[in-house]
1. Kindly indicate the residue of region B:240-269 that is among the hydroxyl-bearing types (Ser, Thr, Tyr) and closer than 17 Å to residue B:180 by Cβ and also surrounded by the fewest Cβ atoms within 10 Å (Cβ to Cβ) among those meeting that condition.
2. So, of the residues in region B:272-314 that are in a strand (DSSP E or B) and of a type outside the set (A, V, I, L, M, F, W, C), which turns out to be surrounded by the most Cβ atoms within 10 Å (Cβ to Cβ)?
3. Enumerate the pairs (first residue in region B:187-201 and closer than 16 Å to residue B:7 by Cα and more than 7 Å from chain A (Cβ to nearest Cβ); second residue anywhere and surrounded by 23 or more Cβ atoms within 10 Å (Cβ to Cβ) and among the charged types (D, E, K, R)) with beta-carbon separation below 7 Å, excluding pairs fewer than 6 apart on the same chain, so at least 6 apart or on different chains.
4. Taking only region B:20-50 into account, find how many residues are aliphatic (A, V, I, L, M), within 11 Å of another protein chain (Cβ to nearest Cβ) and under 29 Å from residue B:70 (Cα atoms).
5. Might you check whether a residue that is touching a helix residue (DSSP H, G or I) at 6+ places or on another chain (Cβ under 9 Å), β-branched (Val, Ile, Thr), surrounded by fewer than 21 Cβ atoms within 10 Å (Cβ to Cβ) and assigned to a loop (DSSP other than H, G, I, E, B) occurs anywhere in region B:1-17?
6. Grab the helices (runs of 4 or more DSSP H) fully contained in region B:28-104, keeping just those with 1 or more residues being touching a strand residue (DSSP E or B) at 6+ places or on another chain (Cβ under 7 Å) and hydrophobic (A, V, I, L, M, F, W, C).
7. Which of the residues spanning region B:144-174 are crowded, with 22+ Cβ neighbours inside 10 Å and not in a helix (DSSP H, G or I)?
Amino acid sequence: MSQSTARDRRLRDRGLDRVSSGTRWLAAAGVMAVGAFSAAFALPQLLEKAQAKTDPPTSVPATSAPDDFPAPVAADPSPSTTVGGLSAPSQPPVTSRHRSRAVTGAS
Amino acid sequence: VTAPGGEARFVALGTNIVVIVAEDAPHGLLAVARSTVERETAAFDAACSRFRDDSELMGLRHAAGRPTVVSDLLFEALEVALRAAALTDGRVDPTIGGPLAALGYDRDFTFVPTREAGRSAPVTVTPAPGWEHVRLDATDRTVTVPPGVQLDLGATAKARCADRAASAAHLATDQGVLVNMGGDIAVCGPPPPGGWSVQLSDDHAADVHGDAPSVAIRDGGLATSGTSVRRWARRDEPLHHLIDPTTGAPAAEVWRTATVAAGSCVDANIASTAAIILGAAAPGWLGDRDLPARLVRPDGSILTIGSWPEDAGLRAAGVEH
């Protein structure tokens with residue numbers, strides 16, 4: 001008879017094998033619960049944090065809109081770059097071959 | 001009944017306003033866009049005008065240096081003006097109201113005396129007091145202007161108004177909109193195929209014609225500053241409205257016209273105004289900020305900066321020389 005078999009028989013004689021088995025079931029259930037919690041809550045949060053690190057920061061408007069006027073909306077979903085505090089266009093101007101409908105000049 | 005698409009024109013903020021919506025926009029939306037823009041210009045005029053005794057800005061003169069609660073709109077305009085000053089190291093300074101008035105530009109330009117009427121008045125040059133002396137407190141929305149300091153928001157308020165008006169008109173119509181306020185151009189929403197085509201000129205009131213150089217933009221803004229308009233003379237000394245705050249005198253005419261494209265109309269106008277005042281340093285300053293620009297010298301020759309299209313400059317040279 002091996003050493004482990006003798007120990008199992010002693011535990012069975014004292015009725016402890018059921019406790020041990022129950023404990024193992026409880027432990028297994030606990031691990032599953034923790035896993036489920038992680039999947040439901042912790043993991044998405046971690047993923048969200050990881051995503052936030054890769055996304056470019058959104059710009060915060062420097063000015064506040066008056067209460068009785070609609071808030072300005074973004075002119076274009078493509079972000080413009082900002083160097084030295086002034087924003088560059090997201091796309092530079094190109095030579096136009098179309099009929100102009102507006103004139104820029106000093107006033 | 002308004003025809004589909006098209007454009008609306010009116011006068012406000014002392015200049016010509018043009019509102020353009022996409023040519024295939026449904027009936028009635030141009031009228032909606034126009035009324036939206038009119039509302040914005042009326043609000044800015046009441047808040048920021050230097051030429052209306054009843055404007056909120058002029059009311060600050062009576063505050064005698066005490067903190068004054070102002071409207072959200074004036075507070076915003078002052079924030080934009082001080083931001084412009086900070087970003088240009090004071091070259092675009094809102095405290096030039098006094099120096100401008102001392103040179104004779106103390107009323108709507110339509111009524112500023114030109115050469116003959118102003119002959120007897122002496123030319124007085126005084127440096128701007130400095131934008132650092134103007135205090136804003138966002139917690140209670142107050143502004144403190146030292147006694148004797150006169151603010152002029154001309155370099156930023158109109159362009160900021162164009163940005164807000166274009167956004168508001170786009171929001172109201174769900175159409176692509178271009179708003180042109182005396183050459184300060186803001187666009188918002190989907191552009192037409194090929195972008196918004198804009199003719200380049202020294203004067204925003206120039207006629208549109210096929211041979212003139214034009215560029216297309218798809219977002220943000222385009223602005224032009226120049227010394228060839230709003231000129232007058234005192235004692236035979238020619239003057240223009242772009243003042244160097246450090247001297248209080250009109251900026252040296254290294255560039256006749258500066259046009260800049262930026263992520264917003266107000267940023268474009270800050271940069272174009274700064275370029276005129278910076279003079280010979282303007283190309284490097286604009287290049288450091290990745291701002292596409294077109295500078296025209298007094299002789300008509302052209303220098304393009306950054307990603308500004310070179311061929312537009314060449315075409316302009318052919319027209320202007």
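The values are calculated or read from the model by the stated rules, or taken from the named source; none is laboratory data. These numbers come from a predicted model, not from an experiment. Here the Cβ positions follow ideal geometry from the backbone for every residue, glycine too, while neighbour counts run over all protein chains shown.
1. Per the stated criteria, the residue is B:264.
2. Applying the first criterion (in a strand (DSSP E or B)) to region B:272-314 yields B:293-296, B:302-305.
From what is left, the residues that are of a type outside the set (A, V, I, L, M, F, W, C) are B:294, B:304.
On the way: B:294: 26, B:304: 19.
For region B:272-314, the residue satisfying everything is B:294.
3. That search, which allows pairs on different chains as well, returns nothing.
4. Step one: of region B:20-50, the residues aliphatic (A, V, I, L, M) are B:20-22, B:25, B:29-33, B:37, B:42-43, B:46-47.
Checking the rest, the ones that are also within 11 Å of another protein chain (Cβ to nearest Cβ) come to B:20-22, B:43, B:47.
Right, trim to under 29 Å from residue B:70 (Cα atoms) and you get B:43, B:47.
Residues meeting the conditions: 2.
5. yes
6. So the answer is B:29-48, B:72-87, B:97-102.
7. Across region B:144-174, the qualifying residues are B:145, B:150, B:151, B:152, B:153, B:154, B:155, B:156.
Results for (1) crowded, with 21+ Cβ neighbours inside 10 Å; (2) modelled with pLDDT under 95; (3) within 20 Å of residue B:273 (Cβ to Cβ), shown as yes or no for each residue.
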site	(1), (2), (3)
B:51	no, yes, yes
B:55	no, no, no
B:60	yes, yes, no
B:68	no, no, no
B:76	yes, no, yes
B:108	no, yes, yes
B:112	no, yes, yes
B:133	no, no, no
B:136	no, no, no
